[in-house]
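Novice: Take a look at this one; I'll ask things after.
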Amino acid sequence: MAKSVPLDFPSLRQFADRPALTDGQHSLSYQQLAAQVSQLANWLQQLPAQRFAISGPNSISWIIADLALAVSDKICVPLPRFFSAAQQAYMLDTAAIEIVLETEPLAGSIASTVPGLWYRQVPQSSTHEVPTFPISSGKVTFTSGTTGNPKGVCLSWAQQAATLAGLVKALGAEFSAEAQQQQLRHYCLLPLSTLLENQAGVYLPLALGQQIIVLNESLSGLSGSSKLDLAQLAQNLAQYQPHSLILTPQLLQALLLICQQQPALAASFRFIAVGGAHCAPALLAQAAQLGLPVYQGYGLSEAGSVLALNLPAVNRPGSVGKALPHIQLRINAGQIEVKGQLYAGYLGEAPRDADSWLATGDLGQLDSEGYLKIDGRSKQLLISSFGRNISPEWLEAELQLCPAIAQAMVCGDAKPWLSALIVPRSARQLTELSTQLQALNARLPDYAQIRTVLLLNEPFSSQNQQLTDNGRLRRQHILARYQQPIEQLYHLTPTTAEPVLVPLNQEHRDELLSAIN
């Protein structure tokens, strides 16, 4: 019989005194974790409020709050810290949140019944209507998508339990034998408000009896969604020697840099999942050369995060693996469609038909053995003025491999050639950047070569509305922000495989001339 919540008290108590959580200063056993979840759940059940948000940095209390909201059958809305204040206010208002649970004390906060967790009530307007929640709603994860305000994806607790069961069935055998010999450790690097880390980085390790390392963002090495402190991350990996991580391609690139400097770190890992965006095959190949067990997966919020995943015993590089047991996949007119235990509906909208197929918006292929290959986003396909169809994600993944590039976005829809908006790692590396881009162009077909480059002095981030909550580029926002300088790129006449580098402003122009001369 399917569980109604991802983790209940028997699930936690079965591991008794085994270590469950640590934040570097405090630790909880599974028995202590279950006791604190029970204590908070009892308090929550006594409150008339039904709609709660969780706010604040990663912490032990964040996990306790999430688990307690599940077992007390409340609605949980995680607030991403990397959303703007306006976006967070929109979420609170749209979901008619009654109480915010906070993992750090703020003005007006009141201590809750468990350590490290505070709460504040959100005033309710008598004229404000409570939005329509699909009847089975448990967690509402807001995704910023590519345009507009954040959209609330309503997931039942039972759906999240089904996703967890699929992950356990797929991965449990990989870890069970080793777990009997030593307790494995998972390092929560991504924000817990990210559904992928919440599901596969909290529920899954706890279901398997592992220990979770959950550090405040000031100590973790990653703050927000994209500010990375390589030295801090390297120090943490050496100190805790985790067995598993969940990474985006950009974070995988950072891990490769660390392991190139400290090769011994690679030996502790047993499973590293990478997802959230297209990952270049060359990046996966570099990981394999360093001995890192990296496995690519695929998912979306509407399916509770993970849909498909490569595994050690069934790994096909170039694919994102096979579908989890509770999910069906098919390709319809080149687009990936999914069916199974999915989301209940969107906040404020009618419930979805549970028996219908969901179009993901991603293009892909299924081979005869069920491995899924992602070809890019259907709405992000560029069609050049010469009629060539080009996936920008493919080229952006290739650009990720250039050491002089911190971030990049490819554009050129209905244009005669492709351009790239690039955030260089340093103004002192512009000569290297030009050389690396020439080498890349030499490997690419002529229609996919980058002919002009706009050098940016501000990184893409969720704060400036140019990245989604899981690190995807918000293309329309970026194109709107740089519309005029992008148009100016197409007044140029590049004639060779050497791309023309154009700085966005005079400061960059001076840096560029200085670096080149």
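Novice: For segment 381-516, what is the convex hull (Cα atoms) projected area averaged across all directions, in square nanometres?
Specialist: Average of the hull's projected areas for segment 381-516 equals 7.7 nm².
Novice: Quick one: if you stick a label point 7 Å off each Cα along the C-beta vector at Gln183 and Ala35, how many nm between them?
Specialist: Using points 7 Å along Cα→Cβ, the separation is 1.5 nm.
Novice: Gln484 to Arg270: extension gain in nm, 0.36 nm per residue of separation minus the Cα-Cα distance?
Specialist: Value of the extension gain: 72.3 nm.
Novice: Over all alpha-carbon pairs of the chain, lay out the pair-distance distribution in 20 Å bins, whole %, shortest bin first.
Specialist: Pairs per bin, as whole percents: 22, 55, 22, 1.
Novice: Moving on. Counting only Cα atoms, I'd like the Rg/Rh figure for segment 28-155, Kirkwood definition for Rh.
Specialist: 0.95
Novice: Quick one: compute the contact order of the chain, relative version, from alpha carbon pairs under 8 angstrom and 6+ residues apart, as a percent.
Specialist: Once divided by the residue count of the chain, the mean separation gives 12 percent.
Novice: For Gly345, which sequence-distant residues (separation of 5 or more, or a different chain) have an amide H within less than 5 Å of its own amide H, given hydrogens modelled in the peptide plane?
Specialist: Cys154, Arg352
Novice: Let me ask you something else. What distance in nm separates the simple spin-label points at Ile135 and Asn389, each placed 7 Å from Cα in the Cβ direction?
Specialist: The modelled label-to-label distance comes out at 4.2 nm.
Novice: Between Ala313 and Arg18, take the C-beta separation as r, use R0 = 25 Å, and let me know the FRET efficiency to the nearest 0.05.
Specialist: Calculated value: 0.45.
Novice: Next question, about the same structure. Find the relative contact order for segment 381-516 and round it to a whole percent, using C-alpha pairs within less than 8 Å whose residues are 6+ positions apart.
Specialist: So the answer I get is 23 percent.
Novice: Hey, another quick one. If packing is taken as the average number of other Cβ atoms within 10 Å across a peptide's residues, how do 485-491, 305-311 rank, most packed first?
Specialist: Ranked by mean Cβ neighbours within 10 Å, highest first: 305-311, 485-491.
Novice: Also: What is the Cα radius of gyration of segment 388-448 over 2.2 N^0.38 Å, N being its residue count?
Specialist: Compactness ratio reported: 1.09.
Novice: Can you give me the C-alpha center-to-center distance between segment 331-400 and segment 75-107, rounded to a whole angstrom?
Specialist: 30 Å
Novice: If R₀ is 51 angstrom, what is the calculated FRET efficiency for the pair Val122 and Glu498, using the beta carbon separation as r and rounding to 0.05?
Specialist: Once rounded, the FRET efficiency stands at 0.35.
Novice: In whole Å, how far is the Cα centre of segment 281-320 from that of segment 446-489?
Specialist: Here the two parts' Cα centres lie 26 Å apart.
Novice: If each residue of separation counts as 0.36 nm, what is the full-extension length gain between Ser426 and Ala111 once their alpha-carbon separation is subtracted?
Specialist: Length gained between Ser426 and Ala111: 108.9 nm.
Novice: Measure nothing but the geometry: give the 0 to 90° angle between the long axis through the Cα atoms of 230-240 and the longest principal axis through the Cα atoms of the chain, rounded to 10°.
Specialist: Relative to the chain, helix 230-240 is tipped by roughly 40 degrees.
Novice: Under the rule of -39500 (n - 2.57) per DSSP H run of 4 or more residues, summed and divided by the residues of the chain, what mean residue ellipticity at 222 nm is obtained, to the nearest 500 deg cm²/dmol?
Specialist: -9000 deg cm²/dmol
Novice: A follow-up question, please. Where in segment 452-469 does the amide nitrogen come within less than 14 Å of the point 7 Å from the Cα of Asn505, taken along Cα to Cβ?
Specialist: 455-459
Novice: Let a ≥ b ≥ c be the square roots of the eigenvalues of the Cα gyration tensor of segment 234-393; is it rounded (a/c under 1.5), or, if not, prolate (a/b larger than b/c) or oblate?
Specialist: It comes out prolate by the Cα gyration axes.
Novice: What number, in nm² with one decimal, is the all-direction average of the projected area of the convex hull of the alpha-carbon atoms of segment 190-276?
Specialist: 5.2 nm²
Novice: Right, another one. Relative contact order for segment 22-117: what percent, with Cα pairs under 8 Å and sequence separation of 6 or more?
Specialist: 35 percent
Novice: State, to one decimal in nm, how far the label point of Ala414 lies from the label point of Arg352, with both points 7 Å from Cα in the Cβ direction.
Specialist: 3.1 nm
Novice: Spelling out what I want: for every residue of segment 458-467, take phi, set θ = phi - 60°, compute 6.51 cos²θ - 1.76 cosθ + 1.60 (Karplus), and round to whole Hz; glycine and proline get x.
Specialist: Per-residue couplings from phi come out as 10, x, 6, 8, 6, 5, 9, 6, 10, 10 Hz.
Any read-out appearing in this document is the output of simple, stated calculations on the displayed coordinates, not a laboratory observation. A quick note: this is a predicted structure, and the numbers were derived from the prediction, not measured. Cβ sites come from the backbone with ideal geometry, for glycine too, and all protein chains shown count toward neighbours.
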